[in-house]
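Reviewing the structure listed below.
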Amino acid sequence: EAGVAQSPRYKIIEKRQSVAFWCNPISGHATLYWYQQILGQGPKLLIQFQNNGVVDDSQLPKDRFSAERLKGVDSTLKIQPAKLEDSAVYLCASSEEGGRTTYEQYFGPGTRLTVT
Amino acid sequence: AQKITQTQPGMFVQEKEAVTLDCTYDTSDQSYGLFWYKQPSSGEMIFLIYQGSYDEQNATEGRYSLNFQKARKSANLVISASQLGDSAMYFCAMREPYSGGGADGLTFGKGTHLIIQP
């Protein structure tokens, strides 16, 4: 079974530029999550999708971050314009069903973003 | 207040010894799930073990066990017979219950950096 795929793996941009990350979840997984992991910290949830609808985006900085999940499969996270503090690893995860405490989240390899 | 607290930023342990990584959590819900993930230097998050709040038995998965003390709101990870390959960051996380909107993203602690010495 293929895991969660993410691209690119690494990205370096200058502040005020824009960037986009792509995620393809495990086949059949209805729920998709984007997390931000700043160096030395645990991941922080940015947004959760159930199929192609947003379930939770309470921690997404909506003035500069946006995300979509067209057709309920793969997803794109965009930052525009980027700030220095956006330097982090962006992790995508998927699970079989949202709203249940038992279902494991499977994580992708992450995209490491450096903003200079 | 932090929802997940991991008080050990780093630990050094001799190979083959057992190690306990501490985790305390804060929630007012009765139904929740607790997870431990391992993150090696390569960056991927690897699921280790899960404990449900209503589970009466402590969870075990191979060399990993979870010492769940509900009244104390603690969910410590125990690794028996540590190996060099266990060197990594370890994160405790909590999933709070379905709230009608379906939001169930994980809340993570800051992690513990475990180093196994030969």
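The values are calculated or read from the model by the stated rules, or taken from the named source; none is laboratory data. Nothing here was measured: the structure is a model prediction, and the numbers come from that model. Glycine also receives a Cβ, built like all others from the backbone with ideal geometry; neighbour counts cover every protein chain displayed. Ligands, DNA and RNA are excluded from the accessible area calculation, which covers all protein heavy atoms including side chains. Shrake-Rupley method; radii C 1.70, N 1.55, O 1.52, S 1.80 Å.
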| task | Return a yes/no flag: does the stretch B:53-76 have any residue that is under 30 Å from A:Asn51 (Cα atoms), within 11 Å of chain A (Cβ to nearest Cβ), of a type in the set (D, E, K, R) and under 14 Å from the mean Cα position of the chain (by Cα). | result | no
| task | Please enumerate the residues belonging to the stretch B:33-59 that are part of a loop (DSSP other than H, G, I, E, B) and either farther than 18 Å from B:Asp104 by Cα or β-branched (Val, Ile, Thr) (or both). | result | B:Pro40, B:Ser41, B:Ser42, B:Gly43, B:Glu44, B:Asp55, B:Glu56, B:Gln57, B:Asn58, B:Ala59
| Has the stretch A:74-94 got any residue that is touching a Ser or Thr at 6+ places or on another chain (Cβ under 7 Å) and among the aromatic types (Phe, Trp, Tyr)? | yes
| task | Test A:Lys78 against the stated conditions and say whether it is charged (D, E, K, R), modelled with pLDDT under 95 and not in a loop (DSSP other than H, G, I, E, B). | result | no
| request: Scan the stretch B:75-94 and give yes if some residue there is acidic (Asp, Glu), under 30 Å from A:Ala5 (Cβ atoms) and free of Cβ contacts under 8 Å to residues at least 12 places away in the same chain, otherwise no. | output: no
| Looking at A:Leu60, A:Leu45, which one is under 26 Å from B:Phe91 (Cβ atoms), in a strand (DSSP E or B) and open to solvent by less than 60 Å² (accessible area, probe 1.4 Å)? | A:Leu45
| Residue list for the stretch B:31-57, restricted to those being in contact with a Pro (Cβ under 8 Å, 6 or more places away or on another chain) and over 30 Å from A:Tyr10 (Cβ atoms) | B:Ser31, B:Tyr32
